[in-house]
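A quick write-up on the structure given underneath.
A short reminder: the numbers here are calculations on the coordinates, not readings from a lab. No experiment lies behind these values; they were computed from the predicted model shown. Neighbour counts run over all protein chains shown; Cβ positions are idealised from the backbone, glycine included.
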């Protein structure tokens, strides 16, 4: 898929600020510091999303308009332990409000750090997304940091922990090396064409 325009439209800290307009949305969700913003930047080919090595930097729902036809949405990371309980609860409410909002079609791309594997928070989030009935694609990030034999073990652990029916439901991606980016675009394109 070739993007003509990718524009940051806004960072929303309240549900009434959301930009959803009925066009398809592809939302990126995952634990803090899993690489959501880095992967978004790699996908669009520019530094639209602010990245940081500090976990919990994304605290709003960030909206990017792609080719004037659909949205990429960067959600706050879940589970950042160093944030206050009040802040974590506010982020959880914000994310829940996002998923409760109307959308004609929505795909959630759940990112899991391949080096860490699926944590209890990832498992809980996966069950939450499944319970909502939203289309979900699971992506293992930072695979470039694992050796080949470590990748197989990591993949197997993520598939089992998230109760994925087949290994094909898990996509390996690296925002650094570009591995898996073409396949991720294909999956997103298939969703948008559906």
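Mean-square fluctuations from a GNM of the chain, with a 10 angstrom spring cutoff on Cα atoms, peak among 164, 107, 94 at 164. For the chain, the alpha carbon convex hull comes to 112 Å³ per residue, rounded to a whole number.
By count of other Cβ within 10 Å, fewest leading, how are 25, 165, 89 ordered?
Numbers: 25 23, 165 7, 89 11.
Fewest-to-most Cβ neighbours within 10 Å comes out as 165, 89, 25.
Using DSSP, restrict attention to beta bridges with both residues in the chain and report what percent are antiparallel, rounded to the nearest 5. The partial results should precede the final answer.
Details: 11 of 32 bridges.
Taking every DSSP beta bridge with both residues in the chain, the antiparallel ones total about 35 percent.
When the gyration tensor of the range 112-194 is built from Cα positions, what are the square roots of 5 times its three eigenvalues, in whole Å, from largest to smallest? Write out the running numbers ahead of the final one.
On the way: eigenvalues 79, 64, 20 Å².
So the equivalent ellipsoid measures 20, 18, 10 Å along its semi-axes.
Per-residue Cβ neighbour counts within 10 Å put 136, 187 in the sequence 187, 136, beginning with the fewest.
Computing FRET efficiency as 1/(1 + (r/R0)^6) for residue 124 and residue 166, where r is the C-beta to C-beta distance and R0 is 30 Å, gives about 0.85.
Counting only DSSP H runs of at least 4 residues, each contributing -39500 (n - 2.57), and dividing by the residue count of the chain, the helix-based mean residue ellipticity at 222 nm comes to -10500 deg cm²/dmol. Just checking the listed ones, 108, 44, 139: in the Gaussian network model of the chain with Cα springs under 10 Å, the one fluctuating most is 44.
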